[in-house]
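What follows is one structure encoded as structure tokens, with my remarks underneath.
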Amino acid sequence: MIEKVEDICSSEQAVLLLALSEHISEQLSDSEDFSVAREALNACWVWLVDKKIDPDSPYCLLENLDDTGILTVMQSEDDARKLKVWICIADAMVLILKEAYASQADEYLPATIEAADMRTVEEFFDNFQNVCKHSRIIVNKVLTYLMEIDSDERINRTEILELVGICDSKSSDKNEKKCCPSM
């Protein structure tokens with residue numbers, strides 16, 4: 001599976017990881033910090049679709065001095081399966097943020113973002129395969145979509161989320177509808 005992912009560009013890898021993170025994020029719905037995960041994923045989509053927000057804003061949802069970022073809250077997760085979901089969300093955010101900072105030609109990146117590379121993608125997939133029953137099928141759906149769109153075509157959040165089984169991308173956090181059974 002990772003071989004196919006290596007064949008797409010870094011921005012498409014970031015979209016792929018974000019979409020897959022959306023698919024598994026529901027596994028955190030009963031976690032105390034689920035709203036942190038939702039806010040972070042939504043901020044990534046806002047940047048991805050519009051590319052109008054400063055990357056420092058979603059970066060603060062990844063790590064900050066208030067200890068409310070993804071990298072901090074995931075450390076308090078006792079459930080090993082849920083921790084893998086948190087890691088996936090963090091890895092997806094790191095790749096999205098690397099793209100965001102690169103689009104601004106920022107010379108200096110936060111260390112967490114600068115360190116992102118193919119190992120980040122590999123870590124994501126190691127964890128994703130452990131928490132998603134039909135991981136190959138879902139990955140292949142999104143990869144096919146990404147390979148078929150033109151590079152200048154805008155990312156369609158709704159279409160991508162439908163591919164991973166989320167019917168209503170505009171739904172609220174608690175009422176998110178799934179197209180397929182929870183994995």
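The values are calculated or read from the model by the stated rules, or taken from the named source; none is laboratory data. These numbers come from a predicted model, not from an experiment. A quick note on method: Cβ atoms are made from the backbone with ideal geometry, for glycine too, and the neighbour counts reach across all protein chains shown.
The table below lists the values:
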item: Boolean, Ile53 is in contact with a helix residue (DSSP H, G or I) (Cβ under 6 Å, 6 or more places away or on another chain) and not in a helix (DSSP H, G or I); result: yes
item: Selection from the range 26-40 of residues that are closer than 25 Å to Pro110 by Cα and either among the charged types (D, E, K, R) or touching a helix residue (DSSP H, G or I) at 6+ places or on another chain (Cβ under 6 Å) (or both); result: Asp33, Phe34, Val36, Ala37, Arg38, Glu39, Ala40
item: Conditions (1) more than 19 Å from Leu61 (Cβ to Cβ); (2) at pLDDT 95 or above; (3) of a type in the set (A, V, I, L, M); number of the one not met by Ile137; result: (2)
item: Members of the range 72-81 that are under 13 Å from Ala37 (Cα atoms) and either surrounded by fewer than 17 Cβ atoms within 10 Å (Cβ to Cβ) or among the β-branched types (Val, Ile, Thr) (or both); result: Thr72, Val73
item: Residue among Glu6, Glu26, Glu63 that is of a type in the set (Asp, Glu) and under 18 Å from Leu163 (Cβ atoms); result: Glu26
item: Helices (runs of 4 or more DSSP H) lying entirely in the range 82-173 (those with 2 or more residues that are closer than 20 Å to Glu39 by Cβ); result: 111-114, 157-163
item: All positions within the range 15-31 that are among the β-branched types (Val, Ile, Thr) and more than 13 Å from Arg157 (Cα to Cα); result: Ile24
item: Test result for Glu12, among the acidic types (Asp, Glu), modelled with pLDDT of 95 or more and closer than 22 Å to Thr158 by Cβ; result: no
item: Lone qualifier among Glu26, Glu22, Glu32 - being within 22 Å of Met74 (Cα to Cα), loosely packed, with under 15 Cβ neighbours inside 10 Å and acidic (Asp, Glu); result: Glu32
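Residue-wise test of (1) over 25 Å from Ile2 (Cα atoms); (2) at pLDDT 95 or above; (3) of a type in the set (S, T, N, Q).
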site: Phe34; (1), (2), (3): yes, yes, no
site: Ser57; (1), (2), (3): yes, no, yes
site: Asn64; (1), (2), (3): yes, no, yes
site: Val73; (1), (2), (3): yes, yes, no
site: Leu95; (1), (2), (3): no, yes, no
